[in-house]
Amino acid sequence: MAQGETIAMVIKTSLHLSALLIVAIASGSADMLWTVAHAAEPRPAPASRLQRLARLEAPPVRQTRLASRKPVAETNACLVLLASDPETAADAARDWAKHGGGDDAAQCAALSDIALGDTVGGAGSLDTLSQRGSSPAAHRAQFADQAMQAWLLAGHPTDALASARRAVALDPLDLGLLVDRGRALVAAGNPAGAVTDLSKVLATRPADRDALVTRASAFRRLERLREARADIDTACRLAPDEPSALLERGILRERAGDADGARTDWDRIVSLAPDTHEADMAQQDLALLDAGPSER
């Protein structure tokens, strides 16, 4: 693959869901996209609507930047393998590490572990890399950010928050890392802290959709529903078909007594993105809505 082209990889991350983890790494100034619809979680038993709305799902992971270093050929080869054959990618990454692959080889090995189901092990490796690697601080911040996302996948919000805090400390000027720390704060049960982080981002980038959706989720947990609705309405205007925004707006509509509006949002998710975790959660919401008041 030519230098400067983006490599997209799709990794199955859950035995319970068809949720997808997408990692894209490019050379130069291209973006790294690691998209996780929500932290993978088993289908819950039927619960009251209040219990359902109080769950701590992790919002989708935002686009992040990872400046690649030359040479990129080995990194690209490892990541291409990861997309199609993570077991071979893991072997290749560890062999590469023995021959001077450094932090890039260690990163690919950690991502291979996550792809193969060892999310905790991969997260721990990325954390170690962020603390002890030889890369520049901004590069290690991205390793910490990836660790945070893996911890959320594994259902370890406290570890995710620790990784997110390390990422921001390593690269405090990257506002995207502040968005991710806000996401980790929501998952760890500190929505007020998340609002503080996300408000800083939105003061500079008012059209940041990930920050808007995450802050709406934080406001909802604080019962600041008017502010939550303002954020989510803005996010939906910016991206009318974004599943994460539709999921959150459906929850807020249901909270406000607009069952038809909630159903419209959740049905749209299932139609637009049927193989995502948002669709799975929307279907659960729809089932509770169909069950009637006795289940809410």
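No value in this document is a laboratory result; all are computed from the given coordinates. Predicted, not measured: the structure shown is a model, and the values here were computed from it. Reconstructed Cβ throughout: ideal geometry from the backbone, glycine too, with neighbour counts over all protein chains shown.
Points to keep in mind about this one:
- Listed peptides 77-87, 178-188 by packing density, highest first (mean Cβ within 10 Å): 178-188, 77-87
- Sorting Asp103, Asp231 by the number of Cβ atoms found within 10 Å of their own Cβ, with the fewest placed first, yields Asp103, Asp231.
- Measuring r between the beta carbons of Asp241 and Ala287 and using R0 = 25 Å, the FRET efficiency lands at 0.65.
- In terms of surrounding Cβ atoms within a 10 Å radius of their Cβ, Thr128, Thr234, Thr204 rank from fewest to most as Thr204, Thr128, Thr234.
- Each of Glu87 and Asp260 was given a label point 7 Å from its Cα along the Cα-to-Cβ line. The distance between the two points is 5.4 nm.
- Sequence of Glu227, Glu254 once ranked by neighbouring C-beta atoms within 10 Å, starting from the fewest: Glu227, Glu254
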